[in-house]
1. Filter the stretch B:1-24 down to residues that are in contact with a Pro (Cβ under 8 Å, 6 or more places away or on another chain) and closer than 20 Å to B:LEU299 by Cβ and give me whichever is farthest from the other protein chains (Cβ to nearest Cβ).
2. Using the structure shown, decide if B:LYS276 is more than 12 Å from chain A (Cβ to nearest Cβ) and surrounded by fewer than 24 Cβ atoms within 10 Å (Cβ to Cβ).
3. Given the structure, is B:GLY220 within 17 Å of B:ALA154 (Cα to Cα), away from every other protein chain (no Cβ under 11 Å), surrounded by fewer than 20 Cβ atoms within 10 Å (Cβ to Cβ) and not polar (S, T, N, Q)?
4. Please state which one of A:LEU121, A:LEU154, A:LEU117 is within 18 Å of the chain's Cα centre (by Cα) and surrounded by fewer than 16 Cβ atoms within 10 Å (Cβ to Cβ).
5. What is the one condition in (1) among the small types (Gly, Ala, Ser); (2) under 20 Å from the mean Cα position of the chain (by Cα); (3) in a loop (DSSP other than H, G, I, E, B) that A:SER8 does not satisfy?
6. From the list B:VAL260, B:VAL292, which residue is in contact (Cβ under 8 Å) with a residue 24 or more places away in the chain, more than 10 Å from chain A (Cβ to nearest Cβ), assigned to a loop (DSSP other than H, G, I, E, B) and crowded, with 22+ Cβ neighbours inside 10 Å?
7. Just wondering, is there one or more residues in the stretch B:235-251 that are β-branched (Val, Ile, Thr), buried (at least 23 other Cβ atoms within 10 Å of the Cβ) and in contact with a Leu (Cβ under 9 Å, 6 or more places away or on another chain)?
8. Can you spot a residue in the stretch B:399-409 that is more than 10 Å from chain A (Cβ to nearest Cβ), over 30 Å from B:MET316 (Cα atoms), hydrophobic (A, V, I, L, M, F, W, C) and not in a helix (DSSP H, G or I)?
Amino acid sequence: MSNLLTISPSPHAKGKETVSSLMFGVLMALVPAFLFSLYFFGIGALITTLVSVGFCVLFEWLIAKYILKTKPQICDGSAILTGVLLAFNLPSNINPFIVMIGALVAIGVAKMTFGGLGQNLFNPALVGRVFLLISFPQQMTTWPKPIENRLNYLDAVTGATPMSFMKPRPEIDHSALDAIQPVDMLMGAMGGSLGEIAALALIIGGIYMIWRKIITWHIPVSIIATVAIFTSLVWLIDPTMCVNPLYHLLGGGLLLGAIFMATDYVTSPMSDKGKLIYGVGIGLLTVIIRLWGSYPEGMSFAILLMNAVTPLINKKFKPTRFGETKTK
Amino acid sequence: MGGVHPADKKITAAKPITPLAVPQTVAIPCAMHIGAPAEIIVQKGDKVKVGQLIAKATGFVSANIHSSVSGTVKNIGPVADASGYTKQAVFITVEGDEWDESIDRSPDIKRNIDDLKPEDIINKVHEAGIVGMGGATFPTRVKLMVPEGKKADAVLINAVECEPYLTADHRVMLEKGEELMIGTQLLMKAVKCDRAYIGIEQNKPDAIEYLTKLSANYPGITVVPLKLKYPQGSEKHLIKAILGREVPPPPHLPIDVGAVVDNAGTAVAVYEAVMKNKPLFERVVTVTGDSVKNPGNFLVRIGTPISALIEAVGGMPEDTEKLISGGPMMGKAINSLEIPVAKGTSGILMLPKSLAHRGEPAACIRCGKCVDACPMGLEPYLLSKLAKLKRFDDLEANHITDCISCGCCMFACPSNRPILDYMNFGKGKVMAIIRSRKK
């Protein structure tokens, strides 16, 4: 009998979370945003998401099996998640070949070249997106108009997003922004990337992830608070420099970025202090790019820049050691 | 800060303490405590009685060891204990159950502690070989000898029992509440302070209610209900939970923040030693497991082989694939039924196949769950990586020696990484390096 007993060091108990339960938890949290997207963009949202997930999984499998010669880890769900997040950052009427290139860059370049899950320095989906933004600026910045394009895919009628009106430049007609109600932005009835439009759905997803302890509040809250404070300050000082901060908070990829992209485990800091610094950094960079940069949206760049700083943040901002807290 | 919430599975909470029949032979190891092993003072062929001294403490951090049975010393030789190492032990063949005459076996509770001086109490504790019975087995006398220039201002009784499954302390509180209270008074007197707190987690409402009622008659003793969290039973975390003070990093000790912490079972042992003249030769052990037939709490003589305990609960279930001495978070997996119950054996746990094995380790996804879970404010992901690379200077700089091996990091890790294995390896090496530096 005693020969059958297993010996191992403690602990002999294990929590329930696994890599795949966490990844599928994030996917669950993305469901509301996806449903809103299906409602507004219809068939295009479905096709783009399926194409993106399909190619991400395929490339991960091919690279793991034939180039790295390791066991492909498709079941952990991380390639699926990268695919969904990449799709959420694309216009829903984008050509599937462009999506394929994005998936190749995201999985092939940003993830697998670094050694696969856990090793990458930059958020794969965002690397994919930014690569496409630079390579296909035209296709990446024309967004289909919501609702009326439900049954159109590549032939969708395109329109501007609120972000286009938000530059503090005289040639831009800010009055166009008046046509967009913040409540539409909350519900997602505006032009924009596939998954970024419905602020409400993204917030629901974020609350779910915090409740399930998939993420902590630090990163999303610090990003959103920084953007809110920074844009409010500029707006109060000079309203021609900056539109109503509400548009900044609800528009563009801010919420998708703050809740789902910046919180990517692999590329964000470890300690709570580090997460706050990282979040503040993303918030500041986003506003700076949005107000003074040449791109209409700065979220992706801000997150990637802070990804690069993450190892330094991890080195500098350690958790508080027990016994070093000031107590009575 | 930190901590995890394992399922508490206190399936034996309602099972009264049952005395286990005295076995036919016992093997009493002479190193059942932290510090120097005791020196064996009996020889093969000697007759011994229950409670008779058989091994003497050597040095300051050490503890006396007494016979738990009456009979003849059959042999003196090595026995494997829960650590997996062999220790010198006294093997005794049991003949009858004859107790040393000086032990007061009456059921009366003795309450008068007024004539006792602190030194009397400390000496008695030392003579009786009392060590921390929560599992750490640190000699209690050493804790009670408050160093020059330091002052104890509160005694904390650790009745948290935050390890899943274990209920030994819970039953002791319910069945030996008066003794616990008097033992606590003795501890207060020994360290010359006038207040004590009994910290109990809220999953033991009956114990909280009962002891709160009793404490009305014992001025200075307060029962503190605590929120559930592992590892709240860690000395430092209990002090923080009750007094709001953090013990500074090593080499600082609880006494540096004015606290003396003793386990509930230890407090009862102190009462028995001082008031009843009874040395520490038996203890309460929880024998349990999800598929065990009749799990329960037993009063067991030290040195009893674990096989006797397993028999008492209806044998080892068919599906058992792991046998643990202690709880599932910090207990030790054992592979022999001949291992004797020692002073620090709080439980025997039989885990079925589904809980016995670790998951396949996957890549670290840098989720930071180990950092969030670490109750010491360390970075387990980093420390395990540094230990793997044998970068001992970096390990020391990142405070590996603060680690209390509670296992929260591995419990929380979604990738099943053997974080604590690496950290324990690194900690051992770094401690050795620090020791060699002092020489």
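1. Ranking the qualifying residues of the stretch B:1-24, first place goes to B:LYS15.
2. Details: more than 12 Å from chain A (Cβ to nearest Cβ): yes; surrounded by fewer than 24 Cβ atoms within 10 Å (Cβ to Cβ): yes.
Yes; evaluated as a whole, the condition is true for this residue.
3. Taking the combined requirement at face value, the residue satisfies it.
4. None of the others qualify; the one that does is A:LEU121.
5. (2)
6. Of the residues listed, the single one that is in contact (Cβ under 8 Å) with a residue 24 or more places away in the chain, more than 10 Å from chain A (Cβ to nearest Cβ), assigned to a loop (DSSP other than H, G, I, E, B) and crowded, with 22+ Cβ neighbours inside 10 Å is B:VAL292.
7. Yes, the conditions are met somewhere in the stretch B:235-251.
8. Filtering the stretch B:399-409 for residues more than 10 Å from chain A (Cβ to nearest Cβ) gives B:400-401, B:403.
Those left that are additionally over 30 Å from B:MET316 (Cα atoms): B:400-401, B:403.
Filter again for hydrophobic (A, V, I, L, M, F, W, C), leaving B:400, B:403.
Filter once more, so that each one left must be not in a helix (DSSP H, G or I): B:403.
Yes, the stretch B:399-409 has at least one match.
The values are calculated or read from the model by the stated rules, or taken from the named source; none is laboratory data. Bear in mind the structure is a predicted one, so any value in this text is a computation, not a measurement. Heads up, the Cβs are rebuilt from the backbone with ideal geometry, glycines too, and the neighbour counts pull from every protein chain shown.
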